[in-house]
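Structure first, commentary second.
The values are calculated or read from the model by the stated rules, or taken from the named source; none is laboratory data. Here the structure is a predicted model, which is why all the values come from computation and not from measurement. A quick note on method: Cβ atoms are made from the backbone with ideal geometry, for glycine too, and the neighbour counts reach across all protein chains shown.
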Amino acid sequence: RSIGLLGYLRLQLRRHEVVEAKPDAKHWDLRLADKWPELDEFCRSFDMGGLDDRAHRHVPFVVILSQRMEAWRAAHGGRAPKSMAEKNDFKASVKAASRYFADELNFQEAVSNSYMAYADSAVGYEVAEMAAGARKNPPTNADASNFSFLVAALGDFIENEGNGKYGPLAGPLPDMTSVRSS
């Protein structure tokens, strides 16, 4: 005869962080959707209509995308393309801005990388939440892992340098067709 069974088990482990070390798909973080002032000034310094054909073929595609996005926003109430149809229309407007599309590699690069003009490169909510938590409760003892300190440092960077939404830039830049003086 049995009245019941009671069991009690308690496991006690130190904190264990799991880091997914596989990088995401390779993409360039140019922050064209929210340009910093120096990049904006550089992009505005090009008068695309006043350039001869040779110079027009060597304008960096970042400048082309920036200027086309400004024109798009002016025509669409200040907003970036959202739907697939709008994104295709934006891509078509980039292509239409070329003079001889088959000969202008920079415009071909701009068309193939047109998503960069409207892609948001802000950190995801998971990272932002984790970094904010690490800022509120920073690691203080010797038992804290390197990961805890790195997350706290990332939170400081996002808050102080990233305007509250951007992490550090990855660093690599895409190859662009241009001349050295551009």
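Points worth noting:
- Residues of the stretch 141-155 classified as part of a helix (DSSP H, G or I) and touching a residue at least 60 places away in the same chain (Cβ under 8 Å), total: 2
- Condition met for ALA33 (among the aliphatic types (A, V, I, L, M), closer than 29 Å to SER178 by Cβ, in contact (Cβ under 8 Å) with a residue 60 or more places away in the chain and part of a helix (DSSP H, G or I)): yes
- Taking the stretch 95-113 as the range and being buried (at least 16 other Cβ atoms within 10 Å of the Cβ) and either of a type in the set (Asp, Glu) or not assigned by TED's automatic domain parsing to the domain that holds GLU70 (or both) as the test, the residues that pass are GLU104, GLU109.
- Residues of the stretch 46-76 classified as outside any helix (DSSP H, G or I) and within 21 Å of ASP175 (Cα to Cα), total: 5
- Taken across the stretch 42-49, residues that are polar (S, T, N, Q) and within 20 Å of VAL111 (Cα to Cα) do not occur at all.
- Filter result (assigned to a helix (DSSP H, G or I) and over 17 Å from GLU20 (Cβ atoms)) within the stretch 112-127: SER112, SER114, TYR115, MET116, ALA117
Condition check ((1) within 23 Å of ALA33 (Cα to Cα); (2) in a loop (DSSP other than H, G, I, E, B); (3) polar (S, T, N, Q); (4) out of contact with any strand residue (DSSP E or B) (no Cβ under 6 Å at 6 or more places or on another chain)) across all residues:
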position	(1), (2), (3), (4)
LYS95	yes, no, no, yes
ALA110	yes, no, no, yes
PRO139	no, yes, no, yes
PHE157	yes, no, no, yes
LEU169	yes, yes, no, yes
SER178	yes, yes, yes, yes
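- Residues located in the stretch 44-89, provided they are closer than 16 Å to ASP120 by Cα and among the hydrophobic types (A, V, I, L, M, F, W, C): VAL62, LEU65, MET69, ALA80, MET84
- Contact annotation: residue pairs with Cβ atoms under 7 Å, 6 or more positions apart or on different chains, pairing a residue in the stretch 109-122 that is free of Cβ contacts under 8 Å to residues at least 60 places away in the same chain with a partner that is basic (Lys, Arg) and part of a helix (DSSP H, G or I), are VAL111/LYS91; VAL111/LYS95; SER114/LYS91.
- CYS43 falls short on exactly one of the conditions (1) closer than 24 Å to GLY167 by Cα; (2) part of a loop (DSSP other than H, G, I, E, B), and that condition is (2).
- In the stretch 97-108, residue farthest from the chain's Cα centre (by Cα) [restricted to those that are aromatic (Phe, Trp, Tyr) and part of a loop (DSSP other than H, G, I, E, B)]: TYR100
- Top-ranked residue of the stretch 50-91 - restricted to ones that are polar (S, T, N, Q) and over 14 Å from PHE107 (Cβ atoms), ranked as surrounded by the fewest Cβ atoms within 10 Å (Cβ to Cβ): SER83
- Here ARG14 meets each of (1) in contact with a helix residue (DSSP H, G or I) (Cβ under 6 Å, 6 or more places away or on another chain); (2) part of a loop (DSSP other than H, G, I, E, B) with one exception, condition (1).
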